[in-house]
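**Student:** Got a structure here, written out as C-alpha cells. Questions coming.
Readers should treat all values here as calculations from the given coordinates under stated rules, not as data from a laboratory. These numbers come from a predicted model, not from an experiment. Neighbour counts are summed over all protein chains in view; Cβ atoms, including those assigned to glycine, are modelled from backbone coordinates with ideal geometry.
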Amino acid sequence: MSSEKKRVQFRAPHRLIDRTDALADVLGEDRTDILVTALREYLQDATHDDALVQEIAVAYYDGEITFDQLKSLVGAEKAANFRVLKQQLNEDFVEEVAEL
C-alpha cells in the first residue's frame with residue numbers, strides 16, 4: 001500500500017463524528033485513523049459483493065473507470081480477467097458489425 005497521503009474533506013452528521021471521536025478516545029487513536037480504517041474495511045467488504053463487482057465491471061466496460069481504477073477495486077487477477085473479456089466483447093462486436 002502506498003505511503004503517499006491525500007487530504008480529503010467531507011461533511012458528515014455530527015452524531016457519526018461524535019461516535020468516531022468517542023471510539024478514537026477509547027482506542028487511543030485519532031479520528032483520521034478510525035475513519036481510514038472504517039473506509040478501508042468498507043471498501044474491502046464492498047468489493048467482495050458479487051453484485052457490486054458486476055457494477056464495477058460494467059463501469060469498466062462502459063469506459064466510466066480506467067483499468068487502473070478497476071484493478072485498485074477488484075484486484076489484479078479479476079481486473080485482468082475483465083480486461084480480456086472486454087477485449088473479446090469488443091472483437092465480437094466488430095465482427096457482428098462487419099457481417100451486417
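**Student:** Please give the FRET efficiency for Ala80 paired with Lys6, using the beta carbon to beta carbon distance and R0 = 30 Å, rounded to the nearest 0.05.
**Tutor:** Rounded to the nearest 0.05, the efficiency is 0.70.
**Student:** R0 = 25 Å: FRET efficiency of Phe67 with Gln44, Cβ-based, nearest 0.05?
**Tutor:** The computed FRET efficiency comes out at 0.80.
**Student:** Follow-up question, since we're still on this one. If you take the charge dipole of the chain about its Cα centre, with +1 on Lys and Arg Cβ and -1 on Asp and Glu Cβ, which of Leu35, Leu73, Ala46 is farthest toward its positive end?
**Tutor:** Farthest towards the positive end: Leu35.
**Student:** By count of other Cβ within 10 Å, fewest leading, how are Tyr42, Tyr61 ordered? Please report the intermediate quantities before stating the final value.
**Tutor:** Working: Tyr42 10, Tyr61 16.
With the sparsest Cβ surroundings first, the list reads Tyr42, Tyr61.
**Student:** Right, here's the next one. Can you list the HN-Hα couplings for the stretch 6-12, worked out from phi with the Karplus curve (6.51, -1.76, 1.60; θ = phi - 60°), rounded to whole Hz and with x for Gly and Pro?
**Tutor:** 10, 6, 10, 9, 8, 9, 9
**Student:** Rounded to the nearest 500, what is the 222 nm mean residue ellipticity of the chain from helices alone, with -39500 (n - 2.57) per DSSP H run of 4+ residues and division by all residues?
**Tutor:** Value at 222 nm, helices only: -24000 deg cm²/dmol.
**Student:** Right, something else. What list of ³J(HN,Hα) couplings, whole Hz, do you get for the stretch 31-46 from phi and the Karplus terms 6.51, -1.76, 1.60, once you set θ to phi - 60° and write x for glycine and proline?
**Tutor:** Couplings: 3, 4, 4, 5, 5, 5, 4, 4, 5, 4, 5, 4, 5, 4, 5, 5 Hz.
**Student:** Moving on. In angstroms, what radius of gyration and Dmax does the chain have, counting Cα atoms only?
**Tutor:** Here Rg and the maximum Cα pair distance are 19.5, 67 Å.
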